[in-house]
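This report concerns only the one structure given below.
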Amino acid sequence: MIDIQKITKTYRSETKELLVLKEATASIKPGTFAAICGPSGCGKSTLLLVLGGLLHPDTGRVMIDGEDLFALSSERRALRRAQLLGFVFQRFHLIPYLTVEENIEAAAIALRGSTDQVRAKELMDQLNITDRRTHVPGKLSVGEQQRTALARALYNRPRVLLADEPTGNLDPENAEIVLNAFSDFANAGGTVIMVTHHPEAAEQADTQWWIKNKTLVKG
Amino acid sequence: MRAGHLFIRELRFRRVSVVLAIVAAAAVSACVVGARSFLAAHDAETEKLIAALEERAADRMAQLRDDARVFSKNLGFNILLLPGDQDAGRLYAENRSTAFFTRKQVQALGSAELATLNHLLPMLRHQIHWDQYDGNVILVGIEGEIYIKSPNFQKPIEERVDAGMVHIGNAIHKRLKLQIGAQLEIEGETFTVKRVLPQKGNIDDISLLMNLGDAQRLSGQPGKISGVLALSCNCAAGDLDPIRQELERVVQDVQVVEFSVRAQARQRARSAIGKRTKEEMQDITESRAILRSHVAQFATLLVSLVVVGAAIFLTVLTFASVRERRSEVALLRALGLGSLSIFALMLYKAVLTGLAGGIFGCLVGVLAGRWILGISATATTPFMLSVISATVAIATLASALPALMAARIDPAVILNQE
Ligand SMILES: Nc1ncnc2c1ncn2[C@@H]1O[C@H](COP(=O)(O)OP(=O)(O)O)[C@@H](O)[C@H]1O
Ligand SMILES: [Mg+2]
């Protein structure tokens, strides 16, 4: 269960202040694939970063299974992030010198666990990148890169997937693979929160939320 | 996956920049080790130079000492001892003695263990008119050197002359055409020529060297000794005071006359050369010391420049690497690594490159010293360990700021860039 409680976020620079979110509130149950929609610049990514514990809100709370993310120390929050959350970005953020398999296994870098090669193999099979196992990201197609990033997000068996425009750079075929994987993840009991400004992508989700007037509105 | 695995993969991926960093760090340690080898080489060369100079000086001195010995030997006796009341005027003008040593005095000289005189030859000199020569000649009676208890006593300078024999001066030989074995008559006595003396250019050329007893009888001065010829030891050459002081204790009232000026000159030259060599050595030592301080200053400057240059280079290199790795760092943060881990990750790299560069540079420095300067064993283990640690410290400090920057990267900003 993810509870977003009255999140307010202002970007401050020396010259100006920009209020992006104002008391955004939502509640997303486990087993839900939720899409957060809205035009470019409305604050979707900002909200996602707050949900991921990477960006401090001015006020408000993010509760994940009853635990207030920002009440934790930064170390514990980082650990929770590694344990509970998986990220998928529009720009993949793969590590250029690691192979596909190593990029997937890098998800556990903060958990200090031993490498689970069976899990990596399972995900590569599932996402059809096993034959790219030893290739570095530079040698992969865009779709393969996002599938690798997706496998990395799933590697630690997180409870929540946070995706920021995951299909933004993909062809329809690969977009569908990714969206289907999200549906599968939600059907298996996980929570997916995907932000996008593509209505077609949002349609695949179980519930849609809109950012309107800096706040969340269920659509 | 562990951070260590990622670390090693990154090193392999950015090997060019890693090699550059190692080379920069190696430049530091190689420069320090090289500078030290260079200074050591300089010192060794100075030592060699001084040693060579010392050796040459010692050679020259020994040569001169030998020269002096041969010289004074060739010149014969250089000291004449005369009774204190000898009238010098009559002696030089008429070659006649007015005072004489007693037998006892002469014996006392022989048994006195003199340190300043090496040879003692008692003699009687007396000028006579010789009819056969149609002029004045000098009778010189000698009996052979008296034994002297001296550590320096060597072969006698002048051999003894037997009774009835005579050694004739060169001028007499020339005028009278007397050969060895010829007979001659002095005051009614017949003598046989035993030797013809070489030309000396002094009064010796008109002397007749004979047995002391013969000379005493012919000159009507039986038992008289007019003087004692002596050879001063080298230690006393050029300075008669030590001789006088020593003689004072043995016989009262002796005149000491030195007459061998060339030996004196030699002796003076010898001490002058000794002094000059010492000065020269001091000059060289001083100028080498000045040169060394210049070289040391230059080495310090060079090392400082290399250290500063390498530090700047390493800082820039790490900055560039951090810039390049921003996305990676943001991702690692999203994956749960703390900023301290990021800082450590960056710093480990600096420590490792500093260590590798330090060791490599030491090796290069030592080998270069060995091959180029021919110096070995100047770089001791503690010295190299301190150079390596210093290199590690420099590399770490140079990377500290960029590493801090990496640690402070805000993942939210990087991850939200489209
Ligand atoms: N780090 C930041 N500092 C200042 N302004 C920012 C920063 N990140 C985003 N913004 C601004 O906040 C607004 C919302 O950005 P964002 O959340 O990225 O929108 P979206 O993802 O919906 O396109 C935009 O106007 C953007 O320019
Ligand atoms: Mg966005």
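The values are calculated or read from the model by the stated rules, or taken from the named source; none is laboratory data. Please read all numbers here as calculations on a predicted model, not as lab measurements. No Cβ is skipped: glycine too gets one built from the backbone with ideal geometry, and neighbour counts run over all protein chains shown. Please note that ligands, DNA and RNA were not included when accessible areas were found on the heavy atoms of the full protein model with its side chains. Shrake-Rupley method; radii C 1.70, N 1.55, O 1.52, S 1.80 Å.
Mind checking which residues of the range B:338-379 are among the hydrophobic types (A, V, I, L, M, F, W, C) and outside any helix (DSSP H, G or I)?
First, the residues of the range B:338-379 that are among the hydrophobic types (A, V, I, L, M, F, W, C): B:340, B:342-347, B:350-352, B:355-356, B:359-360, B:362-364, B:366-368, B:371-373, B:375, B:377, B:379.
Correct list: B:ILE375, B:ALA377, B:ALA379.
Which of the residues that make up the range B:389-417 are outside any helix (DSSP H, G or I) and away from ligand 1 (no atom under 14 Å from the Cβ)? So that I can check it myself, show each step before the final result.
If we filter the range B:389-417 for residues that are outside any helix (DSSP H, G or I), which is where we start, we get B:408-410, B:416-417.
Once the filter is applied, which keeps residues that are outside any helix (DSSP H, G or I) and away from ligand 1 (no atom under 14 Å from the Cβ), the range B:389-417 yields only B:ARG408.
Is it the case that the range A:124-136 has a residue that's at the interface with chain B (Cβ under 9 Å from one of its Cβ atoms) and either closer than 23 Å to B:ALA330 by Cβ or aliphatic (A, V, I, L, M) (or both)? Talk me through it step by step, then tell me what you get.
Going through the range A:124-136, the residues at the interface with chain B (Cβ under 9 Å from one of its Cβ atoms) turn out to be A:136.
Keeping just the survivors that are either closer than 23 Å to B:ALA330 by Cβ or aliphatic (A, V, I, L, M) (or both) gives A:136.
Scanning the range A:124-136 turns up at least one residue that is at the interface with chain B (Cβ under 9 Å from one of its Cβ atoms) and either closer than 23 Å to B:ALA330 by Cβ or aliphatic (A, V, I, L, M) (or both).
Determine whether the range A:50-62 contains at least one residue that is among the hydrophobic types (A, V, I, L, M, F, W, C), open to solvent by 10 Å² or more (accessible area, probe 1.4 Å) and more than 10 Å from chain B (Cβ to nearest Cβ).
Of all residues in the range A:50-62, those among the hydrophobic types (A, V, I, L, M, F, W, C) come to A:50-51, A:54-55, A:62.
Next, from what is left, pick out any that are open to solvent by 10 Å² or more (accessible area, probe 1.4 Å): A:54-55.
Right, trim to more than 10 Å from chain B (Cβ to nearest Cβ) and you get none.
Checked the range A:50-62: no residue is among the hydrophobic types (A, V, I, L, M, F, W, C), open to solvent by 10 Å² or more (accessible area, probe 1.4 Å) and more than 10 Å from chain B (Cβ to nearest Cβ).
Can you tell me which of (1) surrounded by 14 or more Cβ atoms within 10 Å (Cβ to Cβ); (2) at pLDDT below 85; (3) assigned to a helix (DSSP H, G or I) is the one B:ASP59 doesn't meet?
With respect to (1) surrounded by 14 or more Cβ atoms within 10 Å (Cβ to Cβ); (2) at pLDDT below 85; (3) assigned to a helix (DSSP H, G or I), B:ASP59 is out only on (1).
Say we look at the range A:12-41 and pick out the residues that are more than 28 Å from A:GLN204 (Cβ to Cβ) and in a strand (DSSP E or B); which of these is nearest to ligand 1 (Cβ to nearest atom)? Reasoning before the result, please.
Taking the range A:12-41 first, the residues more than 28 Å from A:GLN204 (Cβ to Cβ) are A:12-19, A:22-23.
Restricting the remaining residues to those that are in a strand (DSSP E or B) gives A:12, A:17-19, A:22-23.
Numbers: A:ARG12: 8, A:GLU17: 9, A:LEU18: 5, A:LEU19: 9, A:LYS22: 12, A:GLU23: 16 Å.
Here the residue is A:LEU18.
Only one of (1) open to solvent by 30 Å² or more (accessible area, probe 1.4 Å); (2) part of a strand (DSSP E or B); (3) farther than 22 Å from B:ILE186 by Cβ is not met by B:ARG125, so which one is it?
For B:ARG125, the failing item is (3).
Let me spell it out: the conditions are (1) in a helix (DSSP H, G or I); (2) over 19 Å from B:ALA412 (Cβ atoms), and A:SER114 meets all of them except one. Which number is the exception?
Evaluating A:SER114 over (1) in a helix (DSSP H, G or I); (2) over 19 Å from B:ALA412 (Cβ atoms) leaves (1) as the failure.
Got a number for residues in the range A:152-171 being free of Cβ contacts under 8 Å to residues at least 60 places away in the same chain and either assigned to a strand (DSSP E or B) or over 17 Å from A:LEU111 (Cα atoms) (or both)?
Residues meeting the conditions: 3.
Which of the residues belonging to the range A:63-111 are within 12 Å of chain B (Cβ to nearest Cβ), touching a strand residue (DSSP E or B) at 6+ places or on another chain (Cβ under 8 Å), closer than 19 Å to A:ASN156 by Cβ and surrounded by fewer than 23 Cβ atoms within 10 Å (Cβ to Cβ)?
Matches in the range A:63-111: A:ARG80, A:LEU84.
Look at A:ASP206 and say whether it is charged (D, E, K, R), in contact with a strand residue (DSSP E or B) (Cβ under 6 Å, 6 or more places away or on another chain) and away from ligand 2 (no atom under 15 Å from the Cβ).
Working: charged (D, E, K, R): yes; in contact with a strand residue (DSSP E or B) (Cβ under 6 Å, 6 or more places away or on another chain): yes; away from ligand 2 (no atom under 15 Å from the Cβ): yes.
Answer is yes for this residue.
Quick check on my filter: what residues within the range B:386-408 are open to solvent by 20 Å² or more (accessible area, probe 1.4 Å) and farther than 13 Å from B:ALA310 by Cβ?
Going residue by residue through the range B:386-408, those that are open to solvent by 20 Å² or more (accessible area, probe 1.4 Å) are B:386, B:388-390, B:392-394, B:396-397, B:400-401, B:404-405, B:408.
Result: B:SER386, B:ILE388, B:SER389, B:ALA400, B:LEU401, B:LEU404, B:MET405, B:ARG408.
Exactly one condition in (1) more than 16 Å from ligand 2 (Cβ to nearest atom); (2) in a strand (DSSP E or B); (3) surrounded by 14 or more Cβ atoms within 10 Å (Cβ to Cβ) is false for A:LYS9; which is it?
Here A:LYS9 clears every test but (1).
Taking the range A:53-87 only, how many residues are on the phi > 0 side of the Ramachandran plot and small (Gly, Ala, Ser)?
Initial filter on the range A:53-87 (on the phi > 0 side of the Ramachandran plot): A:53, A:60, A:65-66.
When the remaining residues are screened for being small (Gly, Ala, Ser), the result is A:53, A:60, A:66.
Residues that pass the stated criteria total 3.
For the range A:114-122, state whether one or more residues are out of contact with any helix residue (DSSP H, G or I) (no Cβ under 7 Å at 6 or more places or on another chain), touching a residue at least 40 places away in the same chain (Cβ under 8 Å), open to solvent by 50 Å² or more (accessible area, probe 1.4 Å) and of a type in the set (Gly, Ala, Ser).
No, the range A:114-122 has no match at all.
Being surrounded by fewer than 22 Cβ atoms within 10 Å (Cβ to Cβ) and away from ligand 2 (no atom under 16 Å from the Cβ) is the filter here, so list the residues in the range A:161-172 that pass it.
Correct list: A:ASP171, A:PRO172.
Which residue out of B:GLY358, B:GLY369, B:GLY365 is at pLDDT 95 or above, farther than 16 Å from B:ILE312 by Cα, buried (at least 20 other Cβ atoms within 10 Å of the Cβ) and touching a helix residue (DSSP H, G or I) at 6+ places or on another chain (Cβ under 7 Å)?
On the way: B:GLY369 fails: at pLDDT 95 or above; B:GLY365 fails: at pLDDT 95 or above.
Being at pLDDT 95 or above, farther than 16 Å from B:ILE312 by Cα, buried (at least 20 other Cβ atoms within 10 Å of the Cβ) and touching a helix residue (DSSP H, G or I) at 6+ places or on another chain (Cβ under 7 Å) holds for just one of B:GLY358, B:GLY369, B:GLY365, which is B:GLY358.
Given the conditions (1) assigned by TED's automatic domain parsing to the domain that holds B:ALA52; (2) at pLDDT below 80, which single one is not true for B:ARG266?
(1)
Provide a single number: the residues in the range B:330-343 that are more than 10 Å from chain A (Cβ to nearest Cβ) and crowded, with 21+ Cβ neighbours inside 10 Å. Walk me through how you get there before you give the answer.
Step one: list which residues in the range B:330-343 are more than 10 Å from chain A (Cβ to nearest Cβ), which gives B:342-343.
Remaining after also requiring crowded, with 21+ Cβ neighbours inside 10 Å: B:342.
Here the count works out to 1.
Could you tell me whether any residue of the range B:381-398 is farther than 16 Å from B:ALA30 by Cβ, within 14 Å of chain A (Cβ to nearest Cβ) and aliphatic (A, V, I, L, M)?
Within the range B:381-398, the first condition is being farther than 16 Å from B:ALA30 by Cβ, and the residues that meet it are B:381-382, B:393, B:396-398.
Next, only the ones that are within 14 Å of chain A (Cβ to nearest Cβ) stay: none.
So far as the range B:381-398 goes, no, none of its residues is farther than 16 Å from B:ALA30 by Cβ, within 14 Å of chain A (Cβ to nearest Cβ) and aliphatic (A, V, I, L, M).
Would you check if A:LEU21 is within 16 Å of ligand 2 (Cβ to nearest atom), in contact with a strand residue (DSSP E or B) (Cβ under 8 Å, 6 or more places away or on another chain), open to solvent by less than 30 Å² (accessible area, probe 1.4 Å) and more than 13 Å from every other protein chain (Cβ to nearest Cβ)? Walk me through how you get there before you give the answer.
On the way: within 16 Å of ligand 2 (Cβ to nearest atom): yes; in contact with a strand residue (DSSP E or B) (Cβ under 8 Å, 6 or more places away or on another chain): yes; open to solvent by less than 30 Å² (accessible area, probe 1.4 Å): yes; more than 13 Å from every other protein chain (Cβ to nearest Cβ): yes.
Here the answer is yes, as A:LEU21 does meet what is asked.
I'm checking my understanding of the structure. Among residues of the range A:42-62 that are charged (D, E, K, R) and more than 7 Å from ligand 1 (Cβ to nearest atom), which one is nearest to the chain's Cα centre (by Cα)?
To start, the set of residues in the range A:42-62 that are charged (D, E, K, R) comprises A:44, A:58, A:61.
Of the ones still in play, those that are also more than 7 Å from ligand 1 (Cβ to nearest atom) are A:58, A:61.
Details: A:ASP58: 21, A:ARG61: 18 Å.
Going through the qualifying residues, I end up with A:ARG61.
Residues checked against (1) outside any loop (DSSP other than H, G, I, E, B); (2) open to solvent by 20 Å² or more (accessible area, probe 1.4 Å); (3) of a type outside the set (Lys, Arg):
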{"position": "B:PHE77", "(1), (2), (3)": "no, no, yes"}
{"position": "B:LEU81", "(1), (2), (3)": "yes, no, yes"}
{"position": "B:ARG90", "(1), (2), (3)": "yes, yes, no"}
{"position": "B:ALA99", "(1), (2), (3)": "no, no, yes"}
{"position": "B:GLN107", "(1), (2), (3)": "yes, yes, yes"}
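Let me confirm something: among A:ILE4, A:ILE36, A:ILE28, which residue is within 16 Å of ligand 2 (Cβ to nearest atom), away from chain B (no Cβ under 14 Å) and over 25 Å from A:ALA108 (Cα atoms)?
Values: A:ILE4 fails: within 16 Å of ligand 2 (Cβ to nearest atom); A:ILE28 fails: within 16 Å of ligand 2 (Cβ to nearest atom).
Exactly one of A:ILE4, A:ILE36, A:ILE28 is within 16 Å of ligand 2 (Cβ to nearest atom), away from chain B (no Cβ under 14 Å) and over 25 Å from A:ALA108 (Cα atoms), namely A:ILE36.
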